[in-house]
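The values are calculated or read from the model by the stated rules, or taken from the named source; none is laboratory data. None of these values were measured; they are calculated from a predicted model. Here the Cβ is made from the backbone with ideal geometry for all residues, glycine too, and neighbour counts use every protein chain on show.
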């Protein structure tokens, strides 16, 4: 069975806000594929050596499509965390519908205060939602904390590929609903958290043997916000965010398409590292004086008392 969380206070209610692309994609197509496709998740599992019986945690799991794929394909026990209670509710319902209720569990919790003990997961995975409502540094520190020494930490994240003026960068971040970082920044945060041997792959380049076509992460998001999808999403957004949210939902796909016409500054990256193993404690020093005293009564030569003659 999957690991159940420790008792903790429920997360604070999410304040009302305008919907982001991440929110709208979750409403439009909660089960439409995985970010980067199945090939990316299969390769991540291969790098981690994921196998039956392993304990896997997915942070920023959304509706848990990626977690369900890995649980079903590799026989792992899955736990998932996301700050969005609506996404978590949908993920739990779909896991029950797939007959996975005993093998995976998803809950709403802060990504920078995970409700798990230290070092209990063999593999931890941070999906695209990691920086949606948490600072990346504390979130990665928590990811490392709950990974066992020698275990694997995986990140599937967007990364900047070129310098972007601050104002434009903030606009892109606000539109997406999460904060990309440069690959060097992701590596530094992992190293600071005690994750060694960090390996990074850009899955936006291609084609390769693993990736038959290059991934365009923002185009894939935009494709999910077709005009027909936006009709459905606007209706759902009305229920969650009111009139302003419905209007934003209708225009978000167009805003993203206009942005894509000008910007080619983001890539989808896979990072893999190993949780540092603490060096063994040194043996306590031996008191040579005590040792000499202990053997002082033993004969240097001759038979041992009681030995057969």
Any idea which of 15, 5, 10 is part of a loop (DSSP other than H, G, I, E, B), under 18 Å from residue 123 (Cβ atoms) and at pLDDT below 50? 5
Residues that are farther than 23 Å from residue 115 by Cβ and at pLDDT 95 or above: does segment 54-68 have at least one? no
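May I ask you to verify whether residue 185 is touching a helix residue (DSSP H, G or I) at 6+ places or on another chain (Cβ under 9 Å), loosely packed, with under 15 Cβ neighbours inside 10 Å and at pLDDT 80 or above?
yes
Looking at segment 72-83, which of the residues that are more than 16 Å from residue 116 (Cβ to Cβ) and touching a helix residue (DSSP H, G or I) at 6+ places or on another chain (Cβ under 8 Å) is surrounded by the most Cβ atoms within 10 Å (Cβ to Cβ)? Step through it out loud before you land on a result.
Applying the first criterion (more than 16 Å from residue 116 (Cβ to Cβ)) to segment 72-83 yields 72-75.
So of that shortlist, the ones also touching a helix residue (DSSP H, G or I) at 6+ places or on another chain (Cβ under 8 Å) come out as 73-74.
Numbers: 73: 13, 74: 20.
Applying the filter and picking the extreme gives 74.
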When residue 99 is run through (1) part of a loop (DSSP other than H, G, I, E, B); (2) in contact with a helix residue (DSSP H, G or I) (Cβ under 9 Å, 6 or more places away or on another chain), the failure sits at (2)
Show the residue pairs meeting these rules: Cβ distance below 6 Å; 6+ apart or different chains; first residue within segment 84-99 and under 26 Å from residue 112 (Cβ atoms); second residue modelled with pLDDT under 90 and surrounded by fewer than 20 Cβ atoms within 10 Å (Cβ to Cβ). 90/30
Quick one: how many residues across segment 146-177 are under 14 Å from the mean Cα position of the chain (by Cα) and more than 22 Å from residue 112 (Cβ to Cβ)? 0
Does residue 66 count as within 15 Å of the chain's Cα centre (by Cα), more than 14 Å from residue 105 (Cβ to Cβ) and crowded, with 24+ Cβ neighbours inside 10 Å? yes
Selection within segment 102-111 - part of a loop (DSSP other than H, G, I, E, B) and either free of Cβ contacts under 8 Å to residues at least 12 places away in the same chain or within 14 Å of residue 59 (Cβ to Cβ) (or both): 109, 110, 111
Answer yes or no: is there a residue in segment 112-122 that is more than 16 Å from the chain's Cα centre (by Cα), surrounded by fewer than 21 Cβ atoms within 10 Å (Cβ to Cβ) and touching a residue at least 40 places away in the same chain (Cβ under 8 Å). yes
Is one or more of the residues making up segment 144-167 buried (at least 23 other Cβ atoms within 10 Å of the Cβ), farther than 27 Å from residue 199 by Cβ and touching a helix residue (DSSP H, G or I) at 6+ places or on another chain (Cβ under 8 Å)? no
